[in-house]
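S.K.: Let me begin by handing over the structure; questions about it come next.
The values are calculated or read from the model by the stated rules, or taken from the named source; none is laboratory data. Worth saying up front: this structure is predicted, and the values here are computed from it rather than measured. Positions of Cβ are backbone-derived with ideal geometry, glycine not excepted, and every protein chain shown enters the neighbour counts.
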């Protein structure tokens, strides 16, 4: 063993390396799991007890000298720049990488929220897993009422008076807001909703909504129309016109569907608006007094309006997308059309 130690010491004294690869090879040769010094430590077990102290000290010194030599060679190689390949041109620019971008639904959601924030609306949020009371009953959907069939629901639990379900609209957030706050109330409720529908170009089982609620004294239908008109012109352009068609919702009376003038053909008729010159964007109406009373608000003193729109629907109209499924397929070719990725 003494001869082997002297041989390795001689090897260390004459060891030279030109690249980091050669330094690593030397380290593995001497100190690796199967290296020469590692083998000597394994042979140390067979040395007589009276000689262990002497050889143990020599082995430890050898290992320290080898480690110091490897570190010295590594520092020397790095400082001399020998680790870089001769064929490398360090003045060349690096390889570009693509940054991510925001999803078009997120972009549309933020734009809608910012428009209503300028009109004085606050943002309210609520749970996606809701109970039957906040999704239906408090919104004037009595048990077994035919209006419940308007929305196919994903139930999480059944068999008790107030089952849990995945909310079918963000109107449940309006109910929770009315329970917590006193008028005047002016909020918008963006969020994800779920309905048991067949997935197609015009429908999906998961989508996003923004609903609005304004409650105060002497709120009228004219206030509702003005709020919708301001939103439409901010979203689709200053020349946008709206029309309101009578409709039915259990939680508003009177109720209306709102159309905007087609921003593609400007009312002349095209394939996007199916030749009508109008595009449907949302539903709205005056809050039913029963809904106010259910949340503890005096319907004789206060009145209000509510509206709701699908964010995907607004995004489809804004960017002329004809298939709702594209928003959920994560196709980068499609997503880059709305927010092009930046190469840096």
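S.K.: If I filter the range 90-119 down to residues being part of a loop (DSSP other than H, G, I, E, B) and without any contact (Cβ under 8 Å) to a residue 12 or more places away in the chain, which single residue comes out as nearest to residue 319 (Cα to Cα)? Let's see the steps before the verdict.
M.R.: Taking the range 90-119 as the starting set, the residues that turn out to be part of a loop (DSSP other than H, G, I, E, B) are 90-97, 99-103, 119.
Cutting the leftovers down to without any contact (Cβ under 8 Å) to a residue 12 or more places away in the chain gives us 90-95.
Working: 90: 44, 91: 43, 92: 40, 93: 36, 94: 35, 95: 33 Å.
For the range 90-119, the residue satisfying everything is 95.
S.K.: For the range 176-191, check the following and say yes or no: at least one residue is modelled with pLDDT under 90, surrounded by fewer than 17 Cβ atoms within 10 Å (Cβ to Cβ) and in contact with a strand residue (DSSP E or B) (Cβ under 7 Å, 6 or more places away or on another chain). Give the derivation first.
M.R.: The initial filter retains those residues of the range 176-191 that are modelled with pLDDT under 90, namely none.
No, that holds for no residue.
S.K.: Any chance the range 260-273 includes a residue that's modelled with pLDDT of 85 or more, surrounded by 15 or more Cβ atoms within 10 Å (Cβ to Cβ) and either touching a strand residue (DSSP E or B) at 6+ places or on another chain (Cβ under 6 Å) or closer than 30 Å to residue 182 by Cβ (or both)? Even if it seems obvious, please write down each step before you answer.
M.R.: The first filter runs over the range 260-273 and keeps only residues modelled with pLDDT of 85 or more, leaving 260-261.
Okay, now just the ones that are also surrounded by 15 or more Cβ atoms within 10 Å (Cβ to Cβ), so 260-261.
From what's left, either touching a strand residue (DSSP E or B) at 6+ places or on another chain (Cβ under 6 Å) or closer than 30 Å to residue 182 by Cβ (or both): 260.
Among the residues of the range 260-273, at least one is modelled with pLDDT of 85 or more, surrounded by 15 or more Cβ atoms within 10 Å (Cβ to Cβ) and either touching a strand residue (DSSP E or B) at 6+ places or on another chain (Cβ under 6 Å) or closer than 30 Å to residue 182 by Cβ (or both), which makes the answer yes.
S.K.: Further question: The conditions are (1) within 27 Å of residue 233 (Cα to Cα); (2) surrounded by 15 or more Cβ atoms within 10 Å (Cβ to Cβ), and residue 125 fails exactly one of them. Which is it?
M.R.: Among (1) within 27 Å of residue 233 (Cα to Cα); (2) surrounded by 15 or more Cβ atoms within 10 Å (Cβ to Cβ), the lone unmet condition for residue 125 is (2).
S.K.: Sticking with this structure for a sec: Against the definition (under 30 Å from residue 198 (Cα atoms), at pLDDT 90 or above and not in a loop (DSSP other than H, G, I, E, B)), how does residue 325 come out, yes or no? Please lay out each step first, then the result.
M.R.: On the way: under 30 Å from residue 198 (Cα atoms): yes; at pLDDT 90 or above: no; not in a loop (DSSP other than H, G, I, E, B): yes.
In short, no.
S.K.: In the list 162, 196, which residue meets the criterion of being farther than 20 Å from residue 293 by Cβ, at pLDDT below 90 and surrounded by fewer than 15 Cβ atoms within 10 Å (Cβ to Cβ)? Steps first, please.
M.R.: Numbers: 162 fails: farther than 20 Å from residue 293 by Cβ.
Step by step, each of 162, 196 is checked, and only 196 is farther than 20 Å from residue 293 by Cβ, at pLDDT below 90 and surrounded by fewer than 15 Cβ atoms within 10 Å (Cβ to Cβ).
S.K.: Which is under 18 Å from residue 188 (Cα atoms) and in contact (Cβ under 8 Å) with a residue 24 or more places away in the chain, of 260, 291? So that I can check it myself, show each step before the final result.
M.R.: Working: 260 fails: under 18 Å from residue 188 (Cα atoms).
Going through 260, 291 in turn, just one is under 18 Å from residue 188 (Cα atoms) and in contact (Cβ under 8 Å) with a residue 24 or more places away in the chain: 291.
S.K.: A follow-up question, please. Quick one: count up the residues across the range 27-43 that are in contact with a helix residue (DSSP H, G or I) (Cβ under 7 Å, 6 or more places away or on another chain) and free of Cβ contacts under 8 Å to residues at least 24 places away in the same chain. Spell out how you get there, then give the answer.
M.R.: Just the residues of the range 27-43 that are in contact with a helix residue (DSSP H, G or I) (Cβ under 7 Å, 6 or more places away or on another chain), to begin with: 27, 29-32, 35-38, 40-41.
Remaining after also requiring free of Cβ contacts under 8 Å to residues at least 24 places away in the same chain: 29, 32, 35, 38, 41.
Residues in the range 27-43 being in contact with a helix residue (DSSP H, G or I) (Cβ under 7 Å, 6 or more places away or on another chain) and free of Cβ contacts under 8 Å to residues at least 24 places away in the same chain: 5 in total.
S.K.: Just the residues that are more than 28 Å from the chain's Cα centre (by Cα), more than 18 Å from residue 190 (Cβ to Cβ) and not in a strand (DSSP E or B), please, taken from the range 204-229.
M.R.: Result: 217, 218, 219, 220, 221, 222, 223, 224, 225, 226, 229.
S.K.: Looking at 330, 322, which one is loosely packed, with under 15 Cβ neighbours inside 10 Å and free of Cβ contacts under 8 Å to residues at least 60 places away in the same chain?
M.R.: Details: 322 fails: free of Cβ contacts under 8 Å to residues at least 60 places away in the same chain.
None of the other options fit; the residue is 330.
S.K.: Give me a count of the residues in the range 7-21 that are assigned to a helix (DSSP H, G or I), within 13 Å of residue 74 (Cβ to Cβ) and touching a residue at least 24 places away in the same chain (Cβ under 8 Å).
M.R.: Kept after step one, since they are assigned to a helix (DSSP H, G or I), are these residues of the range 7-21: 7-13, 20-21.
The next check asks that each one be within 13 Å of residue 74 (Cβ to Cβ); those that pass are 20-21.
Then drop every residue that is not touching a residue at least 24 places away in the same chain (Cβ under 8 Å), which leaves 20.
Result for the range 7-21: 1.
S.K.: May I pose another question? Could you identify the single residue in 28, 113 that is touching a strand residue (DSSP E or B) at 6+ places or on another chain (Cβ under 9 Å) and either in the same structural domain as residue 214 (by TED's automatic domain parsing) or more than 30 Å from residue 225 (Cα to Cα) (or both)? Give the derivation first.
M.R.: Numbers: 28 fails: touching a strand residue (DSSP E or B) at 6+ places or on another chain (Cβ under 9 Å).
The match here is 113.
S.K.: Looking at 317, 282, can you tell me which residue is at pLDDT below 90, buried (at least 17 other Cβ atoms within 10 Å of the Cβ) and touching a strand residue (DSSP E or B) at 6+ places or on another chain (Cβ under 7 Å)? Even if it seems obvious, please write down each step before you answer.
M.R.: Numbers: 282 fails: at pLDDT below 90.
Residue meeting the stated conditions: 317.
S.K.: Spot the failing condition for residue 27; the list is (1) part of a helix (DSSP H, G or I); (2) more than 25 Å from residue 3 (Cα to Cα), and only one is missed.
M.R.: That leaves (2) as the condition not met.
S.K.: Looking at (1) exposed (fewer than 12 other Cβ atoms within 10 Å of the Cβ); (2) closer than 30 Å to residue 192 by Cα; (3) at pLDDT 80 or above, which is the only condition residue 99 fails?
M.R.: Here residue 99 clears every test but (3).
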